[in-house]
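The values are calculated or read from the model by the stated rules, or taken from the named source; none is laboratory data. Here the structure is a predicted model, which means the values were calculated and not measured. Here the Cβ positions follow ideal geometry from the backbone for every residue, glycine too, while neighbour counts run over all protein chains shown. The area values use the complete protein model at the heavy-atom level, side chains included, leaving out ligands, DNA and RNA. Shrake-Rupley method; radii C 1.70, N 1.55, O 1.52, S 1.80 Å.
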Amino acid sequence: MPDYFLIALPLVAFWVLLFLICGRSWQLPAAFIPFCIWGLYSGNTHWKWLLLIPLLSLLVVDIHITMRETKFSREINILSYVLTIPFLILYFCYGRGFVKDGSLVSIIWNYVFQITVLIFVSKFWFSDILLLFINRLWVKDKSNMETQVIEKSMKTIGRSTSYYVVFYNLGKMKVSGIFYLFLKLRSIQPDDRVEIIIKKGCLGTEFIAGFPKILSR
């Protein structure tokens with residue numbers, strides 16, 4: 001058992017760091033999959049089904065770029081917040097014990113803080129992932145575009161790092177760090193011609209999944 005543990009530990013560490021550092025918001029939950037798998041096979045509680053939620057990110061983990069930063073239209077974005085309601089109901093039914101006794105002000109602040117965190121976590125780690133997956137189930141339009149990667153850059157603010165690529169005929173776009181690493185590892189230069197596939201799903205979101213195909217150097 002220790003030998004297997006020593007082999008698995010570096011792989012798990014690489015997996016976790018890759019998605020924590022390089023993942024977009026819908027890819028980030030994949031970092032916790034190894035811990036969720038361990039949790040599913042250990043312990044016995046009726047809340048174990050919550051550990052399946054990070055696994056949903058595998059359905060969209062290959063989506064590295066959305067053509068618009070907001071991902072969804074206004075109506076779909078509202079729907080993503082509506083889909084957080086079941087988690088709020090679970091919180092009010094079973095999670096109020098997380099708020100410790102104290103002054104009225106501290107109790108109110110703890111409720112507001114926990115509810116705000118719950119809304120945003122369930123939106124980015126559940127609703128957005130579910131809607132991105134539904135969006136890709138039915139592709140309304142698909143186009144192969146020949147382009148060039150003019151520039152690759154990264155910007156760090158605090159502990160958050162964002163990755164950007166300037167395409168010849170698309171301009172500057174935010175990409176996943178995994179997409180950025182692919183371009184670096186393949187040493188793609190501004191003169192290289194590549195092909196990307198742009199898809200538009202049934203919810204109106206345009207996205208690029210997978211990596212570019214190198215046509216010529």
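Observations
- The range 207-217 - phi-based ³J(HN,Hα) in whole Hz, Karplus 6.51/-1.76/1.60, Gly and Pro as x: 8, 10, 10, x, 10, x, 9, 7, 8, 7, 10
- Cα gyration tensor, the range 23-142 - rounded (a/c under 1.5), prolate or oblate: oblate
- Cα gyration tensor category, rounded, prolate or oblate, for the range 79-173 with a/c compared to 1.5: oblate
- Surface composition of the chain: carbon plus sulfur atoms hold 66% of the accessible area, using a 1.4 angstrom probe and ignoring ligands, DNA and RNA.
- Linear extension gain, Leu50 paired with Lys142, 0.36 nm per residue minus alpha-carbon span: 29.6 nm
- The listed residues Val194, Val121, once ranked by accessible area (1.4 Å probe) with the largest placed first, stand as Val121, Val194.
- Net charge over other residues, Cβ less than 12 angstrom from the Cβ of Phe72 (K, R count +1; D, E count -1): 0
- Taking other residues whose beta carbon is less than 9 angstrom from the beta carbon of Lys200, and scoring Lys, Arg as +1 and Asp, Glu as -1, yields +1.
- The chain, relative contact order in percent, only Cα pairs under 8 angstrom and at least six apart counted: 24
- Counting only alpha carbon atoms, the long axis of helix 104-122 and the longest principal axis of the chain meet at about 40°.
- Counted by Cβ distance under 11 Å from Trp26, the other residues give a net charge of +1, where Lys and Arg count +1 and Asp and Glu count -1.
- Centroid-to-centroid separation of the range 52-93 and the range 119-136 [C-alpha atoms, Å]: 2
- Among Glu146, Glu69, Glu206: highest mean-square fluctuation, GNM of the chain, C-alpha pairs under 10 Å: Glu69
- The chain - accessible surface per residue (Å², probe 1.4 Å): 62
- Once the Cα-Cα distance is subtracted from the 0.36 nm per residue extended length, the Tyr111 to Leu83 segment shows a gain of 8.1 nm.
- Sites Glu195 and Leu17 - FRET efficiency at Förster radius 25 Å, r taken between beta-carbons, to 0.05: 0.25
- Between the Cα long axis of helix 2-22 and the first principal axis of the chain there is an angle of about 70°, rounded to the nearest 10.
- In this structure the amide hydrogen of Val175, modeled in the peptide plane, comes within under 5 Å of the amide hydrogens of Tyr163, Tyr164, Val165, none closer than 5 places in sequence on its chain.
- One decimal place: the segment Arg217-Leu9 gains 71.1 nm when fully extended, by the rule 0.36 nm per residue minus the C-alpha distance.
- To the nearest ten degrees, helix 85-94 and the longest principal axis of the Cα atoms of the chain are 30 degrees apart.
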